[in-house]
1. For a quick check of your reading: which helices (runs of 4 or more DSSP H) sit entirely within the stretch 147-253 and have at least 3 residues that are under 22 Å from Pro135 (Cα atoms)?
2. When you scan the stretch 104-114, do you find a residue that is surrounded by fewer than 17 Cβ atoms within 10 Å (Cβ to Cβ), farther than 17 Å from Ala248 by Cβ and among the acidic types (Asp, Glu), even just one?
3. Is there any pair linking a residue in the stretch 149-175 that is in the same structural domain as Arg200 (by TED's automatic domain parsing) and of a type in the set (A, V, I, L, M) to one that is in a helix (DSSP H, G or I) and exposed (fewer than 14 other Cβ atoms within 10 Å of the Cβ), with Cβ under 8 Å and at least six apart or on different chains, and which?
4. With under 21 Å from Arg136 (Cβ atoms), at pLDDT 90 or above and β-branched (Val, Ile, Thr) as the only criterion, which of Val88, Val36, Val71 stands out?
5. Of all residues being touching a Leu at 6+ places or on another chain (Cβ under 6 Å) and not hydrophobic (A, V, I, L, M, F, W, C) in the stretch 214-226, which is surrounded by the fewest Cβ atoms within 10 Å (Cβ to Cβ)? Just the residue, please.
6. Inspect the stretch 158-181 for any residue being more than 18 Å from the chain's Cα centre (by Cα), within 28 Å of Leu242 (Cα to Cα) and surrounded by fewer than 17 Cβ atoms within 10 Å (Cβ to Cβ) and give the result as yes or no.
Amino acid sequence: MPRPRSAKGGQTPVKSALRVLEVLEYFASIERSTTVSELARALDYPQSSTSMLVRTMIEQGYLAEADGRKVLPTARVAMLGRWLDARVTDGRIHQLMHDLGEETGETILLGIPSDCNAIYAEAIPATNPMRLHIPRGTTRPIEASGLGLMLLSAMDDAEIARKVERAASLRPDGQTVPLGVVMAEVTAIRRDGYSRSVDRIAPGAGIVCVLLPGGGRDHPVALGIGGLSSLLMERTGELVALMRAKIAHYLPE
């Protein structure tokens, strides 16, 4: 697993807090119990520090000991975000994504906004031979990616302007997108109800996105299908219709 980068804007993350989050993210990626030694190797932590961290998380009820000197998260972890979105904790969104993956063979992505990025909070790997690989936790510029623009379309114009200005202050010179260009794309997305982006981040690859219902302006969530640009161009309408049908089935408003 790659080591975390420093926070944007020159701010250094608090190491202990970051490590707790990385431990929980690692469990989310492997979906099984593991040993302290495996955690230390996978996250590139010192063995002694990992043991102390795990012991603290056990004492606080976030991890529990399992057979074979292994540990795993407890129900306390699952309960933390239940009040935010029960659709996540009850498995509906996860099942929706798996169904899309089985029917399309493509990479299925769930995106949320951060300060000036879009984050792939969940990713179901593709099964097709020619596939797009995007790990959970990958970030994209919110003002310059298909997923990011889909998320921006749920926000009011003042918030979009704030995020674009914030992004411009953090991106390297020459990598910012003018607000007028962003708003033109957002207007088209609001009109069409979906976002399609091809060859924007990686040549030959792209994503088709729609919003999940219920997120509102404050906490929008986007669902996307990632794949080869040629396939997305040919099947945009079909993929959008399939996502909408799955959403209607699993997440009726």
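The values are calculated or read from the model by the stated rules, or taken from the named source; none is laboratory data. Note that the structure is predicted; figures quoted are calculated from it, not measured. Reconstructed Cβ throughout: ideal geometry from the backbone, glycine too, with neighbour counts over all protein chains shown.
1. 229-250
2. No, because not a single residue in the stretch 104-114 is surrounded by fewer than 17 Cβ atoms within 10 Å (Cβ to Cβ), farther than 17 Å from Ala248 by Cβ and among the acidic types (Asp, Glu).
3. Close Cβ pairs (under 8 Å, with a partner that is in a helix (DSSP H, G or I) and exposed (fewer than 14 other Cβ atoms within 10 Å of the Cβ)) amount to Leu170/Gly9.
4. Val71
5. Pro220
6. The answer is no, given that none of the residues of the stretch 158-181 is more than 18 Å from the chain's Cα centre (by Cα), within 28 Å of Leu242 (Cα to Cα) and surrounded by fewer than 17 Cβ atoms within 10 Å (Cβ to Cβ).
For (1) surrounded by 14 or more Cβ atoms within 10 Å (Cβ to Cβ); (2) in contact with a strand residue (DSSP E or B) (Cβ under 7 Å, 6 or more places away or on another chain); (3) touching a residue at least 24 places away in the same chain (Cβ under 8 Å), each residue gets a yes or a no:
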{"residue": "Ile189", "(1), (2), (3)": "yes, yes, yes"}
{"residue": "Asp192", "(1), (2), (3)": "no, no, no"}
{"residue": "Ser197", "(1), (2), (3)": "yes, yes, yes"}
{"residue": "Leu228", "(1), (2), (3)": "yes, yes, yes"}
{"residue": "Leu231", "(1), (2), (3)": "yes, no, yes"}
{"residue": "Glu234", "(1), (2), (3)": "no, no, no"}
